[in-house]
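The values are calculated or read from the model by the stated rules, or taken from the named source; none is laboratory data. Please read these numbers as outputs of a predicted model, since none were measured by experiment. Every residue, glycine among them, receives a Cβ derived from its backbone with ideal geometry; neighbour counts consider all protein chains shown.
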Amino acid sequence: MKKALLILALFAALLVPSAAVAQPNEATLTISAENVNEGEGLMPFTFTLSAPIDSDVSIRVQAKTSRQQATRGVDFEGKRAVVNIPAGETTAIHNVVIIDDNEVEDDEVIRLKIRKVIGADLVVPPFPRALIIDDDVEDGGGAIEAGETDFELKVLHVNDTHSHLESDSGDLELAGQDTRVEVAGFSRVVTKMNELRVSSDIPVVTVNAGDAITGTLYYSLFKGQADAAMMNQICFDIFELGNHEFDDGDESLAVFLNNIGGIYNPNSAACRTSILGANVKPAQGTPLYPGDDPEQFIKPFVIRDYGDDQVAFVGLDIANKTRNSSSPLPTTEFLDELETAQKYVDQLTADGIDKIVLVTHIGYDNDISIATQVAGVDAIVGGDSHSLLGDFGPLGLNPAGPYPTMAVDPAGSSVCIVQAWEYATVVGELNIGWDAEGNVSECNGTPHMILGDEFLRRPADGGDRVALEGEELAEVLAFIEATPELSIVEPDPIADATLAYYTDQIDDLVNTEIGTVTEDLCLERIPGQGRSALCDVSETAQNGGDIQQAVTAGFLARSFEADIALQNAGGVRVDVPAGPLTIADAYELLPFSNTMVNMTMTGAEIAAVLEEAAAFALLPDGSTGAFPYAAGLRWDVDLSAAEGQRFTNLEVKGRDATEWTPLDPAATYTVVTNSFIASGQDGYTTFGEVSADGRAVDTFIEYAQSFIDYVVIDRDGVLSKIPADEYSTQNFTAAE
């Protein structure tokens, strides 16, 4: 690294922004960039005008390195891109994606060639540049290549499958074209893990890093039975508890764990999966600690013997999220992750164990933090953040980092970190080697994205996608064969038959009644718009949709942390008539694959997003579905007023409050919303900015499931209109 520091000093002068005068607006353009480690993946170049100008500026750029290494960006092809600074704005950021080739090599300078400027007469520096620091071994890049290795272990792992047992479809860039392909499916996970296990010439351990349950009808209807049956086709060696394992409480979790661990019935056909959670401490006499043995269900660690070698696996669950966003018993404790990790690593080290793997459900960033703070950890197999790791950028995806990601512990030793995305889409294969002293000497592997064998593309003249045949199909198959991260996988027939047992029951069970609706709940977008097929427009003219309000109230109730729930009207799709309410009705009402997202926002940002939503709802090319509905927040709205002045009398009543008080622009609130608008869609621009700022946390609870839970748990199966003073729109004036 000394060489890298010298080069950093050498190029410090090169990073001083160049300036020029723009005509006719007399604005100065500067371009700056930060040096980055190769493993960080992105090098942001910031384009800044000293003052806004009255025309759009488009700057065509091309990324190059002195080796002319291919440097592909997510937002451009062939290393070229256009950076746009809209009229009236001053800043734009262009991210160059750095490809980590997992090889130890010299540090490299990347330069951004300015090819053309359109919209202003700007003089620009020809080659703004910064340094890529190669850190494959020392500070967090890619894999460690094989050294003097005394013992090797292969870890096959998944995480955050969330009851996604059936296959799905997705779009990938295959052989240079957007291609729709079948992905995932737990039966394919079984096939892939068996294939990798059987073909391995080193010991294998199979790991599930948590959040196996909740998220689809397979959980809503079977409460973990279907998940356990599919997991038992693999017989995971290790299962780490995730936060969503506690969504239905300790008693329901105990039943699920018994189905994968065979704890109460040693003669059962269940696997002997070791269930970990070192920082999860249930109270004696509760479902997860029913007898005299505190580790009867949940163990802090397990030591596995491989001949003369022993490897310890320590489990960690994310404490605060589980405590506050799921439904554990109040007596179940969740201890600090860092302190717990250090405690058990120290204990194991003192007992002579020199090979230690953390199996965590705390998120990718927290894994990296733990790795740098706890001495003695060799690898971390994680979950919770649904992080895609690996070289998936060329496939049109946005990986969070390399697979494996390397970190350095306080003693200067290497730690390799992996995660396997989500929803049974990726099977991780991590190979770890240790030398005779128990130091990591080898760390590499492959995240295998599992695909079906049918590929669809749109014809050149448009229209519906069609299956590829002939030369096009052969080209795609050759591309997949040459891409280590992609695997065409046949479903395991026994696992398929097991899943079919549950699938065949769904059509009947979705008609299960979850409650009763006492009165018609009208659908509406903008008050008085007349979207309801059930109610007269006069019933929605003042306050808007009853069912939108009920759903939003459900979001607030099931978030557990939020002060306010805020969502778009179009996320709710149908009227709900008085009478029985079924699971099928809930999924017709909320049909999208949205999840609930908690966002930390100021009152000023909340007011801004309301104005944005209303403005988008009024645009000719916008969507009336953007009109906002809230729980814990109410207002008067005048759509005939000028943009930015439409919402007045904004009042908030927090989760535990009894009185309405004015929304404080400077105060901080937690807002729960759906993942669609949390990303900035439907005109909710400020939501997108908050998400980009790292102030959004996806709960990964599907919004239809949250509504079902609200009806069953919070409303005791009886759904009615909420009180009039709880409606978000208290007074409404239509646009002129």
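See the values below:
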| quantity | calculated |
| --- | --- |
| Selection count where residues are surrounded by 21 or more Cβ atoms within 10 Å (Cβ to Cβ) and either over 30 Å from Tyr710 (Cβ atoms) or among the polar types (S, T, N, Q) (or both), scope segment 349-362 | 6 |
| Odd one out for Arg525, checked against (1) closer than 30 Å to Asn598 by Cβ; (2) part of a helix (DSSP H, G or I) | (2) |
| Segment 217-233, residues that are buried (at least 23 other Cβ atoms within 10 Å of the Cβ) and either in a loop (DSSP other than H, G, I, E, B) or touching an Asp or Glu at 6+ places or on another chain (Cβ under 8 Å) (or both) | Tyr218, Tyr219, Gly224 |
| Any hit, segment 67-84, residues being modelled with pLDDT of 80 or more and assigned to a strand (DSSP E or B) | yes |
| Single residue of Thr686, Thr670 found to be at pLDDT 95 or above, assigned to a strand (DSSP E or B) and within 29 Å of the chain's Cα centre (by Cα) | Thr670 |
| Subset of segment 168-205 (residues that are of a type in the set (S, T, N, Q) and farther than 19 Å from Gly428 by Cβ) | Ser169, Gln177, Thr179 |
| Pair list, Cβ under 8 Å, 6 or more apart: segment 544-561 residue in contact (Cβ under 8 Å) with a residue 24 or more places away in the chain and closer than 10 Å to Ile722 by Cβ, other residue among the charged types (D, E, K, R) and not in a helix (DSSP H, G or I) | Asp546/Asp520; Asp546/Glu524; Asp546/Lys721; Gln549/Lys721; Ala550/Lys721 |
| Considering residues of segment 375-394 that are buried (at least 20 other Cβ atoms within 10 Å of the Cβ) and not in a loop (DSSP other than H, G, I, E, B) only, the residue farthest from the chain's Cα centre (by Cα) | Ala379 |
| Among the candidates Gly632, Gly579, residue that is modelled with pLDDT of 95 or more, of a type in the set (Gly, Ala, Ser) and over 30 Å from Ser385 (Cα atoms) | Gly579 |
| Residue list for segment 499-522, filter: assigned to a helix (DSSP H, G or I), surrounded by 14 or more Cβ atoms within 10 Å (Cβ to Cβ) and either among the hydroxyl-bearing types (Ser, Thr, Tyr) or touching a strand residue (DSSP E or B) at 6+ places or on another chain (Cβ under 7 Å) (or both) | Tyr502, Thr503 |
| Test: Ser487 is under 30 Å from Ala578 (Cβ atoms) and either out of contact with any Pro (no Cβ under 7 Å at 6 or more places or on another chain) or assigned to a strand (DSSP E or B) (or both) | no |
| Filter result for Thr503 (β-branched (Val, Ile, Thr), touching a helix residue (DSSP H, G or I) at 6+ places or on another chain (Cβ under 9 Å) and under 26 Å from Leu581 (Cα atoms)) | yes |
| Filtered residues of segment 696-712 (kept if of a type outside the set (Gly, Ala, Ser) and crowded, with 18+ Cβ neighbours inside 10 Å) | Val697, Thr699, Phe700, Ile701, Glu702, Tyr703, Gln705, Phe707, Ile708, Asp709, Tyr710, Val711 |
| Those residues of segment 303-362 which are of a type in the set (Gly, Ala, Ser), assigned to a helix (DSSP H, G or I) and closer than 19 Å to Phe560 by Cβ, in sequence order | Ala319, Ser325 |
| Qualifying position, being in contact with a strand residue (DSSP E or B) (Cβ under 9 Å, 6 or more places away or on another chain), surrounded by 17 or more Cβ atoms within 10 Å (Cβ to Cβ) and under 27 Å from Asn243 (Cβ atoms), among Leu589, Leu610, Leu581 | Leu589 |
| Conditions (1) part of a loop (DSSP other than H, G, I, E, B); (2) closer than 30 Å to Gly363 by Cα; number of the one not met by Ile722 | (2) |
| The lone exception for Thr624 - which of (1) farther than 25 Å from His162 by Cβ; (2) β-branched (Val, Ile, Thr); (3) surrounded by 23 or more Cβ atoms within 10 Å (Cβ to Cβ) it fails | (3) |
| Residues of segment 303-334 satisfying the condition of being surrounded by fewer than 18 Cβ atoms within 10 Å (Cβ to Cβ) and aliphatic (A, V, I, L, M) | Ile303, Leu329 |
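Rundown of residues vs (1) farther than 23 Å from Asp391 by Cα; (2) in a strand (DSSP E or B); (3) at pLDDT 95 or above; (4) assigned by TED's automatic domain parsing to the domain that holds Leu196, yes/no style:
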{"residue": "Pro447", "(1), (2), (3), (4)": "no, yes, yes, yes"}
{"residue": "Glu472", "(1), (2), (3), (4)": "yes, no, no, no"}
{"residue": "Leu477", "(1), (2), (3), (4)": "no, no, yes, no"}
{"residue": "Ala497", "(1), (2), (3), (4)": "yes, no, yes, yes"}
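Here is a yes/no grid of residues against (1) closer than 30 Å to Glu490 by Cβ; (2) touching a Pro at 6+ places or on another chain (Cβ under 7 Å); (3) assigned by TED's automatic domain parsing to the domain that holds Gly242:
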site: Asp336; (1), (2), (3): no, no, yes
site: Lys343; (1), (2), (3): no, no, yes
site: Gln373; (1), (2), (3): no, yes, yes
site: His386; (1), (2), (3): yes, no, yes
site: Val408; (1), (2), (3): no, no, yes
site: Gly412; (1), (2), (3): no, no, yes
site: Val418; (1), (2), (3): yes, yes, yes
